[in-house]
Amino acid sequence: MRVVLSLSDDPATTQVERAIMEFRSARPVVIDQGAESALVIGIEDLDEAMSAKLEAIAGGHAHLVLPPARLRRLGLDRQVAGVVALPVVDRARIETLALKVDSRIDAPVRAVGAFDEDALELARLSLVLPAVIVVPLGGGIEVDPSLTRVPTAAIRDYRRAKAADLKIVSRAPVPLEGAPTSEFVVFRGGEGLRDQVAIIVGSPDLAKPVTVRLHSACLTGDLFGSLKCDCGDQLRETVRFMAQNEGGILLYLDQEGRGNGIANKIRAYKLQAQGYDTYDADEVLGFDADQRHFEYAAGMLKQLGVTAVRILTNNPAKIDALTKAGLDVISDHRVLGRPTAENVSYLASKRDRAGHYIDIEGLLASSIKD
Ligand SMILES: Nc1nc2c(ncn2[C@@H]2O[C@H](COP(=O)(O)OP(=O)(O)OP(=O)(O)O)[C@@H](O)[C@H]2O)c(=O)[nH]1
Ligand SMILES: [Zn+2]
């Protein structure tokens with residue numbers, strides 16, 4: 001009898017995960033939809049050798065897919081992605097269109113076709129720049145059979161599948177400064193490329209609304225005390241508050257840079273050093289205001305037995321997401337960092353452009369009193 005070993009219960013998710021790894025390594029993947037296919041590759045790290053190979057198979061039919069935010073920066077009034085023809089695979093032109101500050105559009109922008117949105121989504125999932133080259137694979141073109149292939153349907157379903165496939169993989173007590181009774185519970189799944197962590201501080205009573213914070217990872221602020229944001233203060237203040245007030249659950253979510261990844265956040269910081277605010281800098285890179293999804297965070301809470309929360313946040317999107325996910329949410333508690341010369345315009349942008357509940361004047365007044 002011949003026994004066949006199947007690699008995964010969920011081959012679609014596995015294919016997307018492989019494609020993400022290829023994209024992050026600047027290698028192309030093939031996207032399939034029915035009998036049609038296209039070769040796609042992110043524009044980051046596109047070297048001369050790869051451009052020449054793409055040119056050879058494209059025969060003048062490659063195109064560049066740009067997200068709506070980037071098209072707006074190029075001078076178009078767009079809410080959806082669009083496509084620019086690439087008669088030649090010219091790296092300098094691609095970089096100008098996808099990344100250069102103050103570029104203007106230099107050719108007609110077509111509506112996206114098959115594969116284009118999926119290729120962009122693959123770039124976003126891979127945390128690389130959201131701009132991709134697509135080469136339709138018509139008759140007569142053969143590509144290396146070892147290239148990773150992924151169906152469009154798998155890409156479209158990936159986020160939902162990862163959010164639904166959330167499981168606890170390990171847990172242990174980790175005493176924290178000021179919160180000696182704390183437990184780290186590690187979940188696999190959700191968004192980003194790493195695990196998610198729930199920190200249970202003290203012994204919260206699950207029969208009552210549990211104090212909860214959804215905290216998006218911020219390497220610069222949480223770990224290094226960056227003065228550019230309020231994250232480190234919020235993180236430590238949350239643990240302190242929970243330890244001193246009947247405990248709580250802090251979700252540390254793999255959403256660095258509002259879901260854009262550390263490399264793109266640092267690209268955005270470079271733009272901020274040139275005068276762009278936090279949202280405009282992200283737009284230059286092709287990102288909308290916020291890439292994060294919080295539904296899976298509600299899934300983590302439910303797995304921990306939580307049904308009602310008192311959320312510590314200033315961000316209305318977090319409150320909405322937990323409410324829509326079916327939790328009872330009390331949202332009367334803000335968590336504020338210290339205003340600094342370097343973060344005050346960031347806090348003001350969050351208040352003015354994303355509707356965060358931040359009383360900057362009050363914060364400034366109380367920090368002067370201290
Ligand atoms: N793209 C980008 N991300 C940033 C910037 N500054 C901080 N971040 C990220 O923004 C996120 C902030 O996360 P949180 O502190 O959980 O959330 P918030 O949306 O400010 O909401 P609350 O703190 O709950 O009120 C982190 O992922 C940071 O890495 C920036 O200038 N650009
Ligand atoms: Zn931060």
(request) From the list Pro145, Pro180, Pro173, pick out the single residue that is out of contact with any Leu (no Cβ under 7 Å at 6 or more places or on another chain) and modelled with pLDDT under 95. (result) Pro145
(request) Please go through segment 68-90 and pick out each residue that is of a type in the set (D, E, K, R), touching a Leu at 6+ places or on another chain (Cβ under 9 Å) and not in a helix (DSSP H, G or I). (result) Asp77, Arg78
(message) What's the number of the only condition in (1) within 13 Å of ligand 1 (Cβ to nearest atom); (2) among the hydrophobic types (A, V, I, L, M, F, W, C); (3) in contact (Cβ under 8 Å) with a residue 12 or more places away in the chain; (4) out of contact with any strand residue (DSSP E or B) (no Cβ under 7 Å at 6 or more places or on another chain) that Leu193 fails to meet?
(response) (1)
(message) If I filter segment 110-121 down to residues being crowded, with 17+ Cβ neighbours inside 10 Å and in contact with a strand residue (DSSP E or B) (Cβ under 7 Å, 6 or more places away or on another chain), which single residue comes out as farthest from Ala69 (Cα to Cα)?
(response) Phe115
(request) Pull up segment 318-336, narrow it to residues that are assigned to a strand (DSSP E or B) and acidic (Asp, Glu), then point me to the one that is nearest to ligand 2 (Cβ to nearest atom). (result) Asp332
(request) Output yes when any residue across segment 281-298 is polar (S, T, N, Q) and surrounded by 21 or more Cβ atoms within 10 Å (Cβ to Cβ), and no when none is. (result) no
(request) Scan segment 197-212 and give yes if some residue there is under 30 Å from Thr14 (Cβ atoms) and more than 22 Å from the chain's Cα centre (by Cα), otherwise no. (result) no
(message) Between Ser349, Ser345, which is at negative phi, near ligand 1 (Cβ under 9 Å from one of its atoms) and in a helix (DSSP H, G or I)?
(response) Ser349
(message) Just to be sure I understand, how many residues within segment 57-115 are hydroxyl-bearing (Ser, Thr, Tyr) and either touching a Phe, Trp or Tyr at 6+ places or on another chain (Cβ under 6 Å) or at pLDDT below 95 (or both)?
(response) 0
(message) Which count do you get for residues in segment 215-240 that are away from ligand 1 (no atom under 12 Å from the Cβ) and surrounded by 19 or more Cβ atoms within 10 Å (Cβ to Cβ)?
(response) 1
(request) Please find, among Gly248, Gly232, Gly189, Gly225, the residue that is closer than 22 Å to Gln291 by Cβ and either at pLDDT 95 or above or within 16 Å of ligand 2 (Cβ to nearest atom) (or both). (result) Gly232
(request) Could you check how many residues of segment 150-191 are crowded, with 17+ Cβ neighbours inside 10 Å and under 18 Å from Met21 (Cα atoms)? (result) 11
(message) Checking the structure you have, find out if any residue of segment 130-139 is farther than 30 Å from Ser51 by Cβ, at pLDDT 95 or above and among the hydrophobic types (A, V, I, L, M, F, W, C).
(response) no
(request) Mind checking which strands (runs of 3 or more DSSP E) fall wholly inside segment 141-195 and carry at least 2 residues that are touching a helix residue (DSSP H, G or I) at 6+ places or on another chain (Cβ under 9 Å) and under 20 Å from Arg24 (Cβ atoms)? (result) 149-151
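The values are calculated or read from the model by the stated rules, or taken from the named source; none is laboratory data. The structure presented is a predicted model; accordingly, all values stated were derived computationally and were not measured. Cβ coordinates were reconstructed from backbone atoms using ideal geometry, including for glycine residues, and neighbour counts include every protein chain displayed.
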